[in-house]
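To start, the structure itself, in structure tokens.
The values are calculated or read from the model by the stated rules, or taken from the named source; none is laboratory data. None of the values given here were measured: they were computed from a predicted structure. With ideal geometry, Cβ positions are generated from the backbone for all residues, glycine too; neighbour counts draw on all protein chains shown.
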Amino acid sequence: PMPVLAVVGRPNVGKSTLVNRIIGRREAVVEDKPGVTRDRVQYEATWNGRRFRLVDTGGWEIDVFGLDAMVAAQAELGIQTSDAVLFVVDATVGATDTDEALVKLIRKSGKPVVLCANKVDGLSGEADAAMLWSLGLGEPYPVSALHGRGSGDLLDAILDKL
Ligand code: GDP
Ligand code: MG
């Protein structure tokens with residue numbers, strides 16, 4: 001069966017934009033408001049001739065106990081059913097308490113993880129990305145999901161974990 005990559009992160013960090021970038025289509029719903037992805041969550045992607053399944057965990061509606069609980073529940077479900085985790089952080093914001101909570105979930109799972117420092121649209125954002133070494137998940141890959149910057153290196157790193 002195809003390996004599964006769970007895309008995990010707070011609302012608005014750019015998960016859906018990144019999924020669109022990786023699958024090369026405009027299918028995942030992208031909105032400016034947090035938590036608005038409401039359509040498909042499973043996608044098929046190919047990179048360097050290898051196929052894998054992507055799960056956008058922001059696509060699940062489990063908004064019962066408030067935002068943080070929702071994010072955690074989505075992440076936990078996604079991580080459980082995945083072979084590897086793509087953890088997306090907004091590098092322009094930096095690591096928040098919610099991000100730290102997600103790191104704990106990911107660590108607990110023991111699943112391999114790739115850290116995406118998103119919204120690094122230009123060279124000046126590289127320093128923001130480097131700050132995310134502090135999360136302890138290894139190398140932060142600076143990416144602009146919006147413009148495609150860094151997405152090739154990110155995909156290479158993902159395939160190494162799948
Ligand atoms: P999600 O909630 O994590 O799925 O985030 P979305 O993909 O819906 O994106 C949230 C907002 O961030 C949208 O306005 C996107 O256009 C914007 N965004 C996503 N990726 C980037 C990026 O690489 N650079 C910038 N500048 N904006 C981005
Ligand atoms: Mg989304």
(message) Within the stretch 62-71, does at least one residue satisfy the condition of being at pLDDT below 90, more than 12 Å from ligand 2 (Cβ to nearest atom) and crowded, with 23+ Cβ neighbours inside 10 Å?
(response) no
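Conditions tested, residue by residue: (1) of a type in the set (Lys, Arg); (2) within 14 Å of the chain's Cα centre (by Cα); (3) closer than 21 Å to Leu162 by Cβ; (4) buried (at least 17 other Cβ atoms within 10 Å of the Cβ).
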{"site": "Val93", "(1), (2), (3), (4)": "no, no, no, no"}
{"site": "Asp99", "(1), (2), (3), (4)": "no, yes, no, yes"}
{"site": "Leu102", "(1), (2), (3), (4)": "no, yes, yes, yes"}
{"site": "Val114", "(1), (2), (3), (4)": "no, yes, yes, yes"}
{"site": "Ala117", "(1), (2), (3), (4)": "no, yes, yes, yes"}
{"site": "Gly122", "(1), (2), (3), (4)": "no, no, no, no"}
{"site": "Ala127", "(1), (2), (3), (4)": "no, no, no, no"}
